[in-house]
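Trainee: Here it is, the structure, as structure tokens.
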Amino acid sequence: MVNNHIVPNGPKPKSIFTARNIMLYGTLFVVAIYYILPLYVMIVTSLKGMPEIRLGNIFAPPLEVTFQPWVKAWSTACTGLNCDGLSRGFWNSVQILIPSVVLSIIIASVNGYALVNWKFKGSEVFFAVLLFGAFIPYQVMIYPIVILLREMGLMGSLWGLVLVHTVFGMPILTLLFRNYFSSVPEELFKAARIDGAGFWGIYFRIMLPMAVPIFVVAMILQVTGIWNDFLFGVIYTKPDIYPMTVQLNNIVNSVQGVKEYNVNMAATLLTGLVPLVLYFVSGKLFVRGIAAGAVKG
Amino acid sequence: MSSVLIKDLTLKYDHLTILDKLNMDIAEGEFLVLLGASGCGKSTLLNCIAGLLDISEGEIHINGENVTWAEPSERGIGMVFQSYALYPQMTVEGNLTFGLKNAKVPKQEIVKRVAKVAEILQIESLLKRKPAALSGGQRQRVAIGRALVREVKVFLFDEPLSNLDAKLRADLRIELKLLHKRLKSTIIYVTHDQVEAMTLADRIAVMKNGVVQQLDTPNGIFHRPINRFVADFIGSPSMNFFEGELVAGDSITFSTKDLVFNVSNYEFINTGAVSCKASLGIRPEAVLTGEHIPENFFRCEISVELVEPMGSDTLVWTKLGGENFRFRMDGKASVKTGDKLTIGFDPSSSSMFNAETEDRI
């Protein structure tokens, strides 16, 4: 009876179960389930033993958790004559990935910078031709590239594949860097020229430090693209140096013996891990980089 | 000796002529303002002088040296930009020293110069900060500092105050003028702001469509505009014009439909008075009211249509000879719409232009 005179303060609490909320969260929930369920099945299956899998209940959690399939997928699963699992493919992929990503980003960033700040006669045409490359289906160029690589003596080598990845990354990466650098005020470039910095001086001292977010974006695009590549890997290399994706395919699609679903699931998860980790680590920078350039300055 | 000499400078993009055969001779220690509406080529000209744009024809000499094809950094110039253009990832000190390090100036010399410039511009306390942590005025000081540390004889300013608010702009304007007095260096300054041009310049070059219309002292530009464009462009509010006929006889007169002005004492250039169609321009500031009007002035009675009080003075709009006519009165004068006033001005100290060529006569 003491609190009789206190008038409620602040806005009235709103009901949670409005029609709008039910629609909104209902949709989100369904979509989330749609994407999470397969992942759940994969993880659960990869932790089961084969006898348990044969029971056929794919949604049931494992009765007995075992990491044996993971170990097998990584180190002893057989593809053809090699029985050292995905580990070989992993290291191959790393060896392909690092030079491809580094090379393509370095070249594309210099391209973008030069196209914006050091315009030359025909630079617009050059850029248009380069962009055109982004619209041609890869499949069209497979055979010509086979011939090119053969003539260069790079067919079936790691460096051949690195070259292919670098070249195919060029259109979209150059576009990305060009757009970013063209959002940098031109006067900054002029000021640096008056301060006596040259082409590389301006690139390294002025432009590069300002472009960190876009470098992260380019890196994520390239790492996921190259890591997930299957087509080029299977065509331009040979079995010893197959990237992880090709190796994964060979494990999953091998026809001899029993299909080991748990090993296949573990192998697939292992292959997808690298891009996933990258997203989690650099997600924030990624968003910032995508948004950068939208607002000038 | 001339500090900056421009000979027949022409800039073309394909078939479009941006700058057309410009000639300019800027003396040592002179403060030259390039004034014009946007798109007139004033900033382009500055970029050409700086070496940031390659010119199509002509020559540029700075400090007696032909620098037409020299790199911007080798021309002995410092430049300040409208957007400050400070390197965002460097501290103020880094911004000031970037050019010196590129030029391989010895370390002690760099320290000495930075200290000196920081003292002149009073930015000592800001040296360790990044540009993002500075206000607009501070940023522009740093940008000026970056030009000063180069210790060159010619400074180029590209609308340096346009991004600042009105009060700060006025303050920095004074500072720039004092700085110029102190350094005695040549300054070429681009602006579209008449007040800046009038207050700062030793000489003003009024530009239009890539051509210098008039290159003269602020006074000359204001009182003896060389053509109708300059007359109209300079002055706020702009000049009042009457279209009519110049008749050179026993006494020289200028007559419109309704009005006749005696312009016998007008100072004609070169040719003297020749009868032709012409326009006569009266500055709003040249008009007197009330009892102070001298005998030889043109005088008439008008009725006030609109009053714009501006504090220090009052702008009065009226009709004269069928044309809109505005003039300035003392800010304390109490006039209101509908009032009858006697006004007068001296047609002989006006500006007259040939109606066809629009040149001064």
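Trainee: Just counting partner chain Cβ atoms within 10 Å, what average do the residues of peptide B:72-84 show around their Cβ?
Mentor: Counting Cβ atoms of other protein chains within 10 Å of each residue's Cβ and averaging gives 4.
Trainee: Once you have a ≥ b ≥ c as the square roots of the Cα gyration tensor eigenvalues for region B:281-320, tell me rounded if a/c is under 1.5, and otherwise prolate or oblate according to whether a/b is larger than b/c.
Mentor: Details: a/c = 1.85, a/b = 1.50, b/c = 1.24.
Prolate.
Trainee: Output needed: percent of Cα pairs per 5 Å distance bin for chain A, bins running from 0 to the one holding the longest distance.
Mentor: Going out from 0 Å in 5 Å bins, chain A shows 1, 5, 9, 10, 12, 11, 11, 10, 8, 7, 5, 4, 3, 2, 1, 1, 0, 0, 0, 0 percent.
Trainee: Further, regarding this structure: Compute the Kirkwood hydrodynamic radius of region B:230-354, taking the inverse of the mean of 1/r over all pairs of distinct Cα atoms, and give it in Å to one decimal.
Mentor: Values: mean 1/r = 0.0660 Å⁻¹.
Every distinct Cα pair counted, the radius reaches 15.2 Å.
Trainee: What percent do you get for the relative contact order of chain B when only Cα pairs under 8 Å and 6+ apart count?
Mentor: Answer for chain B is 15 percent.
Trainee: With a cut-off of at most 11 other beta carbons within 10 Å, and DSSP calling the residue loop, which GluC sites (Glu not before Pro) in region B:307-361 qualify? Please list them.
Mentor: The qualifying sites are B:Glu356.
Trainee: Would you tell me the mean number of C-beta atoms belonging to other protein chains that fall within 10 Å of each C-beta in B:346-357, as a whole number? The partial results should precede the final answer.
Mentor: Values: counts 0, 0, 0, 0, 0, 0, 0, 0, 0, 0, 0, 0.
For peptide B:346-357, the averaged partner shielding equals 0.
Trainee: Same structure, new question: First measure r as the distance between the Cβ atoms of B:Lys167 and B:Ala70, then evaluate 1/(1 + (r/R0)^6) with R0 = 41 Å and state the FRET efficiency to the nearest 0.05. Could the numbers behind the result be given before it?
Mentor: Numbers: r = 40 Å, r/R0 = 0.97.
For R0 = 41 Å, the calculated efficiency reads 0.55.
Trainee: Work out the length of the dipole vector of region B:230-354 about its Cα centre, built from +1 on the beta-carbon of each Lys and Arg and -1 on the beta-carbon of each Asp and Glu, and round it to the nearest 20 debye.
Mentor: Dipole size: approximately 200 debye.
Trainee: Taking other Cβ within 10 Å of each residue's Cβ, how do B:Glu175, B:Glu295, B:Glu119 sort, fewest first?
Mentor: B:Glu295, B:Glu119, B:Glu175
Trainee: Given contacts defined as C-alpha pairs under 8 Å and at least six residues apart, what's the relative contact order of region A:139-297, whole-number percent?
Mentor: Numbers: 90 pairs, mean separation 54.4, N = 159.
Once normalised by length, the contact order is 34 percent.
Trainee: Mind giving me the nanometre distance, one decimal, between the label points for A:Ala19 and A:Thr66, set 7 Å out from Cα along Cα→Cβ?
Mentor: Here the modelled spin labels are 5.4 nm apart.
Trainee: Here's another thing I want to ask about it. With the Cα gyration tensor of region A:170-214 in hand, convert its eigenvalues to equivalent ellipsoid semi-axes via √(5λ) and list them largest first in whole Å.
Mentor: 20, 11, 9
Trainee: Please average, across the residues of B:97-104, the number of beta carbons from any other chain that are within 10 Å of each residue's own beta carbon, and give a whole number.
Mentor: Mean shielding count: 4.
Trainee: Just the isolated ones, please: cysteines in the protein assembly as shown lacking another cysteine beta carbon under 4.7 angstrom.
Mentor: If one checks each Cβ against the other cysteines of the protein assembly as shown, B:Cys40, B:Cys48, B:Cys276, B:Cys300 turn up with nothing under 4.7 Å.
Trainee: Let me ask something else. So what's the protein assembly as shown giving for Cα Rg divided by 2.2 N^0.38 Å, two decimals?
Mentor: Ratio of Cα Rg to 2.2 N^0.38 Å: 1.45.
Trainee: Further question: What do you get when you divide the Cα radius of gyration of region A:1-106 by 2.2 N^0.38 Å, with N the number of residues? Don't skip to the answer; put the middle values down first.
Mentor: Values: Rg = 26.4 Å, N = 106, 2.2 N^0.38 = 12.9 Å.
So region A:1-106 has a normalised radius of gyration of 2.04.
Trainee: Of A:Cys83, B:Cys48, how do they rank once you tally other Cβ atoms within 10 Å and put the fewest first? Kindly include the intermediate steps, with their values, before the conclusion.
Mentor: Details: A:Cys83 11, B:Cys48 24.
Arranged by neighbour count, lowest to highest, A:Cys83, B:Cys48 become A:Cys83, B:Cys48.
Trainee: Highest first, please rank the peptides A:134-147, A:217-230 by the mean number of other Cβ atoms sitting within 10 Å of their residues.
Mentor: A:217-230, A:134-147
Trainee: How much mean residue ellipticity at 222 nm does chain A get from its helices, if each DSSP H run of length 4 or more adds -39500 (n - 2.57) and you divide by all residues, to the nearest 500 deg cm²/dmol? Please list the in-between numbers first.
Mentor: Details: 13 runs with 198 residues, N = 297.
About -22000 deg cm²/dmol.
Trainee: For B:Asn209 and B:Val247, what does the FRET efficiency come to when R0 = 30 Å and r is the distance between their Cβ atoms, rounded to the nearest 0.05?
Mentor: On the way: r = 33 Å, r/R0 = 1.10.
So, using R0 = 30 Å, E works out to roughly 0.35.
Trainee: Quick one: of B:Lys12/B:Lys104; B:Lys7/B:Lys208; A:Lys12/A:Lys284; A:Lys121/B:Lys208, which pairs are farther than 25 Å apart, Cα to Cα?
Mentor: Values: B:Lys12/B:Lys104 36 Å; B:Lys7/B:Lys208 18 Å; A:Lys12/A:Lys284 35 Å; A:Lys121/B:Lys208 29 Å.
From B:Lys12/B:Lys104; B:Lys7/B:Lys208; A:Lys12/A:Lys284; A:Lys121/B:Lys208, over 25 Å: B:Lys12/B:Lys104; A:Lys12/A:Lys284; A:Lys121/B:Lys208.
Trainee: Another one. With r as the distance between the Cβ atoms of A:Ser182 and A:Arg54 and R0 = 51 Å, compute the FRET efficiency 1/(1 + (r/R0)^6) and round to 0.05.
Mentor: Plugging the Cβ-Cβ distance into 1/(1 + (r/R0)^6) gives 0.25.
Trainee: Enumerate the amide H contacts of A:Asp84 below 5 Å, restricted to partners 5 or more residues apart or on another chain; note that Pro and chain-start residues carry no placed amide H.
Mentor: A:Thr79
Trainee: Right, next: If packing is taken as the average number of other Cβ atoms within 10 Å across a peptide's residues, how do B:215-225, B:129-139 rank, most packed first? If you can, show how the numbers build up before the last one.
Mentor: Numbers: B:215-225: 17.7, B:129-139: 16.0.
Top of the packing list down: B:215-225, B:129-139.
Trainee: Also, I was wondering about something else. If the label point is 7 Å along Cα→Cβ of B:Glu28, which residues in region B:143-158 have backbone nitrogen under 13 Å from it?
Mentor: B:153-154
Trainee: Given only helices, namely DSSP H runs of n ≥ 4 each adding -39500 (n - 2.57), what is the per-residue ellipticity at 222 nm of chain B, to the nearest 500 deg cm²/dmol?
Mentor: My calculation for chain B gives -7000 deg cm²/dmol from helical runs alone.
Where a number appears in this text, it was derived from the coordinates with a stated rule and is not lab data. Nothing here was measured: the structure is a model prediction, and the numbers come from that model. Note that we place each Cβ from the backbone using ideal geometry, even for glycine, and neighbour counts take in every protein chain shown.
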